[in-house]
Amino acid sequence: MTVSRVRQLLIDNYSLLAILVGVVLISVSIGPFGNADTEWEYEAALGVMRWGVPYASTFGNMMNQPPLGFYVEALFFICFGASIDIGVVLVTLMGLGSIISLYKIGDVLYGKPTGLVAAALFALSPWELILSCTFLIDVQCLFFSLLCLLTGIYAVRRDSLKLFLVSGALFAAAFLTKLFAVFTLVPLLLLLVYYRPKRLRRMLGLLGAFFLPGIFLTFLWY
């Protein structure tokens, strides 16, 4: 990407950039937020590094959550060092990614002003600010869920089998991070009903492409 292209990209998205910078400054001022769950999940990520599974040795059992989030955290720790503060950096980055995804969803559906308002309201909500400073897998799930929804919007509008497969893979990632990702299916189903393909066989093929990655990954783990 050329310098002029980067400059133009920043000019076109300066409002969104201002929101992201504001979130980072607020997150830094708040600092990492911790509780018993953060300690437990940190132990689980260390368990992945030691034994290859999210086993929390201090608590003496496997995590009672889907596993993918702990593998992502473990990979981040391997690259940048293992500590809860380092883990919060990962969470904050995924929180910023969620804001960008929500902006794009609003932009695609209703236009850029709607996307900016949605991103600003979401980014500055106390819930999002606290979670983006907390070492928990919730923001990872939200990040993958919003990416799934964004890709799904493109898939439904373009009637694209490949995009349905990509959206399904992102849903599988979200679902294997936290089961709350299942609620992402509600807006996707409404979109599919609204833009429904005229041929039943085509619709079944699109649904099959969407659910195939989730079925495969769930079977692979469980």
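FYI, it's all coordinate maths here, none of it is from the lab. Please read these numbers as outputs of a predicted model, since none were measured by experiment. We place every Cβ from the backbone using ideal geometry, glycine too, and count neighbours over all the protein chains shown.
Some points to look at:
- Gain upon complete extension [R157, S83; 0.36 nm per residue less C-alpha separation]: 22.4 nm
- The separation of region 68-91 from region 1-44, counted between C-alpha centres, amounts to 16 Å.
- Hydrodynamic radius of region 137-222 per Kirkwood, over alpha carbon pairs, in Å: 12.7
- Local net charge near L150, Cβ-Cβ under 14 Å (Lys/Arg +1, Asp/Glu -1): +2
- Under the convention that each Lys and Arg Cβ holds +1 and each Asp and Glu Cβ holds -1, the size of the dipole of region 124-221 around its Cα centre is about 680 debye.
- Cα-centre dipole for region 1-136 with unit charges at Cβ (Lys and Arg positive, Asp and Glu negative), debye to 20: 520
- Cα-only Debye scattering, the chain: base-10 log of I(q)/I(0) at q = 0.10, 0.15 Å⁻¹: -0.51, -1.06
- Working from Cα pairs under 8 Å separated by at least six residues, relative contact order for the chain is 18 percent.
- Region 114-169: relative contact order as a whole-number percent, Cα under 8 Å and 6+ apart: 22
- Lysine pairs in the chain whose alpha-carbon atoms fall under 24 angstrom of each other, counting only those eight or more residues apart or on distinct chains, come to 4.
- For the chain, a Gaussian network of Cα nodes joined below 10 Å ranks Y195, Y55, Y42 by mean-square fluctuation, and the top entry is Y195.
- Once backbone amide H atoms are built at 1.01 Å from N, F33 has T134, F135 as its partners under 5 Å, excluding neighbours fewer than 5 places away on the same chain.
- Difference of contour (0.36 nm per residue) and Cα-Cα distance, N61 to E39: 6.5 nm
- If R0 is taken as 35 Å, the Cβ-Cβ distance between L190 and L10 corresponds to a FRET efficiency of 0.50.
- Local net charge near A74, Cβ-Cβ under 13 Å (Lys/Arg +1, Asp/Glu -1): -2
- Across region 55-61, computed HN-Hα scalar couplings (Karplus, 6.51 cos²θ - 1.76 cosθ + 1.60, θ = phi - 60°) run 9, 8, 5, 4, 9, x, 7 Hz from first to last residue, x flagging Gly and Pro.
- log₁₀ of I(q)/I(0) at q = 0.17, 0.22 Å⁻¹ - region 60-174, Debye sum with one point per alpha carbon: -0.89, -1.19
- Ranking L75, L204, V166 by how far each Cα lies toward the positive end of the dipole of the chain (charges on Cβ) leaves L204 at the top.
- Over all other residues within a Cβ to Cβ distance under 11 Å of D138, the charged ones net out to -2, with Lys and Arg as +1 and Asp and Glu as -1.
- Applied to region 28-41, the Karplus parametrisation 6.51 cos²θ - 1.76 cosθ + 1.60 on θ = phi - 60° returns per-residue 3J(HN,Hα) values of 5, 5, 6, x, x, 10, x, 7, 4, 5, 5, 5, 5, 5 Hz, with x for Gly and Pro.
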